[in-house]
1. Report ³J(HN,Hα) in whole Hz for each residue of the range 179-185, in order, from the Karplus equation J = 6.51 cos²θ - 1.76 cosθ + 1.60 where θ = phi - 60°; Gly and Pro get x.
2. What ratio of Cα Rg to 2.2 N^0.38 Å holds for the range 117-334?
3. Can you give the FRET efficiency for GLU314 and ASN176, using 1/(1 + (r/R0)^6), R0 = 45 Å, r = Cβ-Cβ distance, to the nearest 0.05?
4. Quick one: if the Förster radius is 41 Å, what FRET efficiency do SER339 and LYS125 give, using the C-beta to C-beta distance and rounding to 0.05?
5. Could you work out the per residue convex hull volume over the alpha carbons of the range 66-167, in cubic angstrom?
6. Which peptide among 205-214, 249-258, 292-301 comes first, and what is the full order, when sorted by highest mean count of other Cβ atoms within 10 Å?
7. Just to confirm a number: summing +1 for Lys and Arg and -1 for Asp and Glu over residues other than GLU177 whose beta-carbon lies under 12 angstrom from that of GLU177, what do you get?
8. Please work out whether the range 231-344 counts as rounded, prolate or oblate from its C-alpha gyration tensor, where a ≥ b ≥ c are the square roots of the eigenvalues and a/c under 1.5 means rounded, while otherwise a/b larger than b/c means prolate and anything else oblate?
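Read the figures in this text as sums done on the coordinates, not as results from a lab. All values derive from a computational prediction rather than experimental measurement. Here the Cβ is made from the backbone with ideal geometry for all residues, glycine too, and neighbour counts use every protein chain on show.
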Amino acid sequence: MHNFFRSFTSILAIILFFLPMLCLARIPTIVADQTKSPESRVSPSSAHWLQAEKRETSPSNNPPAQSSTSPRPWWVGDLITLLGILVGVIIVIYQLGRQHRSQLKLQRENYREQLRLKIYQQFSKLLDMAVHKNIDSSLYAFHIPGNVQFYRGQLKDGFSPSPLRDRASELSKLHNETLKTITELIFMIERYQIVELRINIFRTAIGVAHHDMMETFRPLFSFLLRILPDDIPRPDGSYVLVNVISPSDEQVNELKMLVDAYKAASDDMGCYLYDLNVELQNALLSNLFPQKVPRREPLDPRFKVISTEPNEIERLQKYFEEQTDWGKKKKQIEQSVVSQLKPD
């Protein structure tokens with residue numbers, strides 16, 4: 001709009017500049033036309049006719065009559081021409097401005113789509129990494145009880161099997177790599193909230209699963225240190241194997257319970273990561289592709305599906321705040337902080 005008015009002002013200034021010059025150029029022509037007799041302004045063949053008409057319309061023959069119309073000023077025609085030019089210029093400027101605004105809008109929309117695609121690519125790369133690392137740590141923990149039972153079975157059958165290859169330190173490494181990647185994903189969600197504010201529910205959901213994985217890993221790791229072998233490094237760079245034992249039935253049952261709890265938290269994390277991928281595709285790629293990715297539909301209603309629908313966001317937020325261990329501890333921490341801030 002600013003460019004339109006600036007162009008209009010420039011054109012108007014040019015017209016006003018040339019208007020006096022046009023008027024001055026017309027004056028000699030007008031004066032010359034007014035000084036000429038009617039006979040001199042017509043062809044010779046029409047002069048005789050004009051004289052006859054003059055005699056017939058002379059005052060002696062006809063009574064004087066009042067003119068019904070006054071002569072038009074000489075500048076009216078030029079003014080109409082200038083106004084026509086001005087209107088045409090205004091229409092052209094308006095059309096050019098409208099076309100320019102349409103092009104700018106299209107360019108902004110194209111840039112916005114490119115930015116959405118770039119953001120999705122960043123999310124997709126980190127999501128793939130988080131999903132694979134979560135699967136690695138979950139499967140490693142899942143196989144430990146079966147390997148322990150197989151080891152005990154060989155001992156009972158009188159064989160001398162090689163020590164278990166599972167290590168608590170290896171599971172700890174995989175677990176920490178998973179949580180590190182998931183933490184980076186949470187930071188990315190916070191960074192790009194402006195793109196789609198509703199994905200903020202995933203920061204809460206993934207944060208809850210992150211908390212559950214940490215809480216279930218601590219007792220599992222402590223228990224694995226007691227029942228799994230360990231490699232102690234020597235000064236010469238070699239390793240000595242220690243803690244080679246055969247776990248009891250009670251220990252195997254406890255191990256299964258601890259692994260099941262950790263795997264349940266890990267499974268929740270995997271489901272939430274899948275849901276995030278679905279919502280990101282529908283939010284960031286919907287203008288490029290006509291169809292939408294369907295959401296997860298678990299057979300067990302206890303498994304939560306994270307959705308960006310407004311009513312679902314409210315319901316999920318209430319669930320995480322009130323019914324999860326993360327929400328309960330969060331409320332306890334908030335109450336403790338508020339009580340400490342109150343004056344004595």
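1. 5, 5, 5, 5, 4, 4, 5
2. Here the answer is 1.22, to two decimals.
3. Between GLU314 and ASN176 the formula returns 0.85.
4. With R0 = 41 Å, the Cβ-Cβ based efficiency is 0.40.
5. 119 Å³
6. Top to bottom by mean Cβ count within 10 Å: 205-214, 249-258, 292-301.
7. Its environment carries a net charge of 0.
8. In terms of gyration-tensor shape, oblate.
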